[in-house]
Amino acid sequence: MPGCKWNPEWQRKYSWACPVKGNPQRVFCSVCDSDFSCDHGSAELKRHDGNIKHKNNVERRKVVDAAGTRSISITESFKKAEAISSEQKKIKDAALIAEASISNLIATHNVPRSLINCLAELLPVIIPDSQIVKQMSLHHHKAFYTLTFGTAQHVKKKLVSQLQQWPFSINYDESVKGKASQLELNVSYRDDKNRIVRAHLVTVDMVVSLTGENISKAVFSAMDTLDIPYKNKLVCERTDGCSVMLGIHAGCHVFNKRVVPQLPD
């Protein structure tokens, strides 16, 4: 009969049915989490009970109940997902730090980069339960990229900052790459903890002939680019003793002393 209202007797047959507060002409389905009209009495409930969507929801509820789980709100779901995401991010960040640390260790001690590939295979075997190790993807190519475009820039920035504060000495090391000459500039200084630090500063490509004057200009130009106050902080230099470096008339040292008078003879 049209205009029917909620009847408590309906719950005996349809356990999912509940009244809608403030609207007795509608029925709430706890399985579908929705309400519908009951204008035509129990026929509306019978029609809903036979609905495909309702039946699927009933089966889904049975599976959930059998698994011992409970329905959670969307808010709870987001909070849980956010917590998991935050923990995964911490693990991934820790893995990146571990990769960078190992790459730096290999480079600092001048160990062949191929050792990193061996470590990549060894670590999961000896530390199988580490989530950080599982996230790591070590490879010597990646290590080279990490050092070149990541940590190396940070390390150089820190080194330059130290040279701007403390007196330092410089050591020249010439090498040949193909047909071009390169000048490796290495520095030594004593830091704020009174430790002697030795580090590679920069590689200078010598595109002109290796004369004492050209080497001097190239070295100071490189330090100018890095904003290193060598006129005040450079106190000593070490060379291999060849005439190009220590010649009394046109050696590099002669030209260096014209710029940095405090250099020893």
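Some observations on this one:
- Simple spin-label estimate for ALA83 and ASP35 in nanometres, 7 Å along Cα-Cβ: 3.3 nm
- Given the choices [x] 22.0; [y] 16.7; [z] 27.2, mean projected area of the Cα convex hull in nm² derived from the coordinates of this structure is entry [z].
- Hull-based mean projected area of the range 95-135, where the convex hull spans the alpha carbons, in square nanometres: 2.7 nm²
- Efficiency of FRET from Cβ geometry, ASN56 and LYS5, R₀ 22 Å, rounded to 0.05: 0.15
- Here the range 164-265 exposes an accessible surface that is 51 percent carbon and sulfur, computed with a 1.4 Å probe and the other protein chains kept in place.
- Residues TRP166 and ALA100, FRET efficiency given R0 of 45 Å [Cβ-Cβ distance, rounded to 0.05]: 0.95
- Anchor LYS46: lysines whose Cα lies under 27 Å away (excluding residues fewer than 8 positions away in-chain): LYS5, LYS13, LYS21, LYS55, LYS62
- Stokes-Einstein D (µm²/s) once Rh is taken as the Kirkwood radius of the range 176-233 over alpha-carbon pairs, at 4 °C in 1.567 mPa s: 101 µm²/s
- Computed over the chain, the per-residue total of -39500 (n - 2.57) for DSSP H runs of n ≥ 4 gives a 222 nm mean residue ellipticity of -14500 deg cm²/dmol, rounded to 500.
- Fully extended contour minus Cα-Cα distance, from ASP191 to LYS257, at 0.36 nm per residue: 21.3 nm
- Amide H contacts under 5 Å for SER34, placed H, 5+ residues apart: CYS29
- Hz values of 3J(HN,Hα) by residue in the range 140-153 - Karplus curve (6.51, -1.76, 1.60), Gly and Pro given as x: 5, 5, 5, 4, 4, 5, 4, 5, 5, 9, x, 5, 4, 5
- Within a Gaussian network of the chain (alpha carbon springs, distance under 10 Å), most fluctuating of LEU45, LEU234, LEU210: LEU45
- In the range 167-265, lysine pairs with alpha-carbon atoms under 19 angstrom apart (chain gap of 8 or more, or interchain): 6
The values are calculated or read from the model by the stated rules, or taken from the named source; none is laboratory data. A quick note: this is a predicted structure, and the numbers were derived from the prediction, not measured. A quick note on method: Cβ atoms are made from the backbone with ideal geometry, for glycine too, and the neighbour counts reach across all protein chains shown. Please note that ligands, DNA and RNA were not included when accessible areas were found on the heavy atoms of the full protein model with its side chains. Shrake-Rupley method; radii C 1.70, N 1.55, O 1.52, S 1.80 Å.
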